[in-house]
Amino acid sequence: MIYLMSKKPIHIELSLLNYKDQLTSKTLDGTTYLLDPVRKKWIILTPEELVRQLTLLYLLEKAEPYKRLLSVEKVINVNGRIKRFDILLYDSEAKPKLLVECKNPKVPITNETFNQIAQYNIALKVPTLMVTNGNETYCCSIDFNSREFSFLDEVRLF
């Protein structure tokens, strides 16, 4: 267990709502769906899914050449337990670069949130972690040699 929030976190303003007009949605039988541009399938709209889709649109804009190097909601094995990460961006050499954990906007970003993404990172070994609930976004860099981290003042994709 790690305690990232024991250090002074740096809030990053992503203005995710600016991407809302780029969402593609449909309603069937009273249920609203969003078209996931990476998975290319319709996903039921929930508050967390809205944050995930807005974050994806942000990343697609910022990392356009690497669009094919995004993974969304993939299953991983962490110490014998099946987990599912939200978003993983790979670099041009197909190495994990940025791991993103998305939360419902009503869920505050806490140590528990960072511990969740840190557990996923045991298996993935991603150098940059990002957590967001759409309102709050934090990003940190992990140095695996020194086993230390530092909060970033921006999302560093590459």
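In region 110-130 there is at least one residue matching the filter, namely being touching a Leu at 6+ places or on another chain (Cβ under 7 Å) and within 20 Å of residue 37 (Cβ to Cβ).
Evaluate region 97-120: report whether one residue or more is part of a loop (DSSP other than H, G, I, E, B) and of a type in the set (Asp, Glu).
Initially, region 97-120 is screened for residues part of a loop (DSSP other than H, G, I, E, B), giving 103-110.
Checking the rest, the ones that are also of a type in the set (Asp, Glu) come to none.
No, every residue in region 97-120 fails to be part of a loop (DSSP other than H, G, I, E, B) and of a type in the set (Asp, Glu).
Here is a yes/no grid of residues against (1) on the phi > 0 side of the Ramachandran plot; (2) touching a strand residue (DSSP E or B) at 6+ places or on another chain (Cβ under 7 Å); (3) surrounded by 18 or more Cβ atoms within 10 Å (Cβ to Cβ):
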residue: 15; (1), (2), (3): yes, no, no
residue: 27; (1), (2), (3): no, no, no
residue: 40; (1), (2), (3): yes, no, no
residue: 47; (1), (2), (3): no, no, no
residue: 55; (1), (2), (3): no, yes, yes
residue: 88; (1), (2), (3): no, yes, yes
residue: 99; (1), (2), (3): no, yes, yes
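Looking only at region 57-83, residues that are touching a helix residue (DSSP H, G or I) at 6+ places or on another chain (Cβ under 7 Å), part of a strand (DSSP E or B) and surrounded by fewer than 18 Cβ atoms within 10 Å (Cβ to Cβ) come to 4 in all.
Hey, can you tell me all the residues within region 121-145 that are in a loop (DSSP other than H, G, I, E, B), more than 14 Å from the chain's Cα centre (by Cα) and hydrophobic (A, V, I, L, M, F, W, C)?
Step one: filter region 121-145 for residues in a loop (DSSP other than H, G, I, E, B), giving 125-127, 133-136, 144-145.
Now narrow it down to the ones that are more than 14 Å from the chain's Cα centre (by Cα): 125, 144-145.
144 - this is the single residue of region 121-145 that is in a loop (DSSP other than H, G, I, E, B), more than 14 Å from the chain's Cα centre (by Cα) and hydrophobic (A, V, I, L, M, F, W, C).
Rule-based calculations on the coordinates, nothing more; no lab input. Bear in mind that the values here come from a model prediction, so they are computed numbers and not experimental data. Note that we place each Cβ from the backbone using ideal geometry, even for glycine, and neighbour counts take in every protein chain shown.
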